[in-house]
Amino acid sequence: MKIFITGCCGFIGFNFANFLAKSNQKMRIIGIDNLNDYYSVNLKKKRLKELNKNKNFIFYKIDVNQYEELKKLYKKYLFNYVFHFAAQAGVRYSLINPKTYIENNISGFFNVLILSLEFNIKRLFYASSSSAYGELTKFPLKENYILNPKNIYGLSKKIDEEMVSVLSLKKNTLCIGLRFFTVYGEWGRPDMFIIKYLNATYDKSKVFYLNNYGNHFRDFTYIQDVCKILKKLIYSKFKRQNLILNICSNKAIKLTNIIKMIDNLTLNKPKIKKISKHRADLYKTHGDNKLVKRVAGVNKFTDISIGLKNTVEWFVNNKDKIKF
């Protein structure tokens, strides 16, 4: 079995590639990444170093906008499954540099989609986001709700889903959109809440800026749960050609409660400056996970207390080795 993973040095892409490579030596994992500097290149290289320990993993430094280079890989390996995670991340950064979201999240995904359809890939799994819902108020959010994104990042994900619904008609490739909800855990992104908070906790020169005074709610989803779900989806049976799935724990937790839990684990506190709500942020995310539980055959999700404990332990053991 040959599996292609784009964005393999990103947070979700790395963890899933590493999880798959270790779980089945017969799988051949081919990963690409452009190793851009949106956040720590050093962290991405550390992830790649971990991936390269797997003999069944092969890496290429390729950008998803390099169409001809991508096509060469599709021809060479004739992938069975594609997992597309390469994208410009970050909701707030989308207000500063919207162009990169058009280039990477829309044009880049178009290349992966077209090639996957052309080469009759069995299944294309692509990353969407809870940001595509926008500021809805009826919770938990269900896959059939009308999307109303409030920033270019969420809009780019909505457009990706619409491209699939139009371009994949009458094609053999099954396309599954994955709406991720606040994924956290080991090897997490330093621009996201939990790792950013831990950075400030252990580096007293830093100040942690608590947006909306901590009154946000997020549906935190542990990375190891995500990896297990994605692997099960490779083998799951689907009745429809195209499907959208919420990847979430179905529990909305207030950020101030997460802070208390982390403080209890670290026995430490960072310097905190409370600030007003950022205009790009959503007040609350809370997804319904009934569909993914049924399709993937997953019933249990890791309790936030265990996921946070694992994340904190990983961070403490690696903070001096990785320059975030």
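The values are calculated or read from the model by the stated rules, or taken from the named source; none is laboratory data. These numbers were taken from a predicted model, which means no experiment stands behind them. With ideal geometry, Cβ positions are generated from the backbone for all residues, glycine too; neighbour counts draw on all protein chains shown.
Observations on the model:
- Single residue of 171, 122, 157 found to be under 20 Å from the mean Cα position of the chain (by Cα) and closer than 23 Å to residue 238 by Cβ: 157
- Residue match in the stretch 311-323 (condition: within 18 Å of the chain's Cα centre (by Cα), surrounded by 14 or more Cβ atoms within 10 Å (Cβ to Cβ) and not basic (Lys, Arg)): yes
- Of the set (1) over 21 Å from residue 189 (Cα atoms); (2) exposed (fewer than 14 other Cβ atoms within 10 Å of the Cβ), all apply to residue 234 but (2).
- All of (1) hydrophobic (A, V, I, L, M, F, W, C); (2) over 20 Å from residue 169 (Cα atoms); (3) crowded, with 18+ Cβ neighbours inside 10 Å; (4) modelled with pLDDT of 95 or more hold for residue 87 with one exception: (4).
- Residue 55, sole failed condition from (1) closer than 27 Å to residue 318 by Cβ; (2) part of a helix (DSSP H, G or I); (3) among the charged types (D, E, K, R): (2)
- Checking residue 105 against (1) part of a helix (DSSP H, G or I); (2) surrounded by fewer than 22 Cβ atoms within 10 Å (Cβ to Cβ); (3) in contact (Cβ under 8 Å) with a residue 40 or more places away in the chain, the condition it does not meet: (2)
- A count restricted to the stretch 267-277 and to residues that are surrounded by 12 or more Cβ atoms within 10 Å (Cβ to Cβ) and farther than 14 Å from residue 204 by Cα stands at 2.
- Residue 204 meets the conditions (1) in contact with an Asp or Glu (Cβ under 6 Å, 6 or more places away or on another chain); (2) surrounded by fewer than 17 Cβ atoms within 10 Å (Cβ to Cβ) in every case but one. The failed one is (1).
- Residues satisfying the stated conditions in the stretch 96-119, i.e. under 17 Å from the mean Cα position of the chain (by Cα) and of a type in the set (Phe, Trp, Tyr): 101, 109
- One residue from 81, 38 being aromatic (Phe, Trp, Tyr) and modelled with pLDDT under 95: 38
- Answer from 38, 60, 93, 67 - the residue that is buried (at least 19 other Cβ atoms within 10 Å of the Cβ), out of contact with any Cys (no Cβ under 8 Å at 6 or more places or on another chain) and farther than 14 Å from residue 227 by Cβ: 93
- The selection criterion, being exposed (fewer than 15 other Cβ atoms within 10 Å of the Cβ) and touching a residue at least 12 places away in the same chain (Cβ under 8 Å), does not hold for residue 20.
- Restricting 140, 149, 98 to those that are surrounded by 15 or more Cβ atoms within 10 Å (Cβ to Cβ) and within 20 Å of residue 226 (Cα to Cα) reduces the list to 140.
- Residue 243 being surrounded by 15 or more Cβ atoms within 10 Å (Cβ to Cβ), of a type in the set (A, V, I, L, M, F, W, C), touching a Cys at 6+ places or on another chain (Cβ under 9 Å) and more than 20 Å from residue 91 (Cβ to Cβ): yes
- When the residues of the stretch 70-84 are filtered to those that are surrounded by fewer than 17 Cβ atoms within 10 Å (Cβ to Cβ) and outside any helix (DSSP H, G or I), the one that is farthest from the chain's Cα centre (by Cα) is 78.
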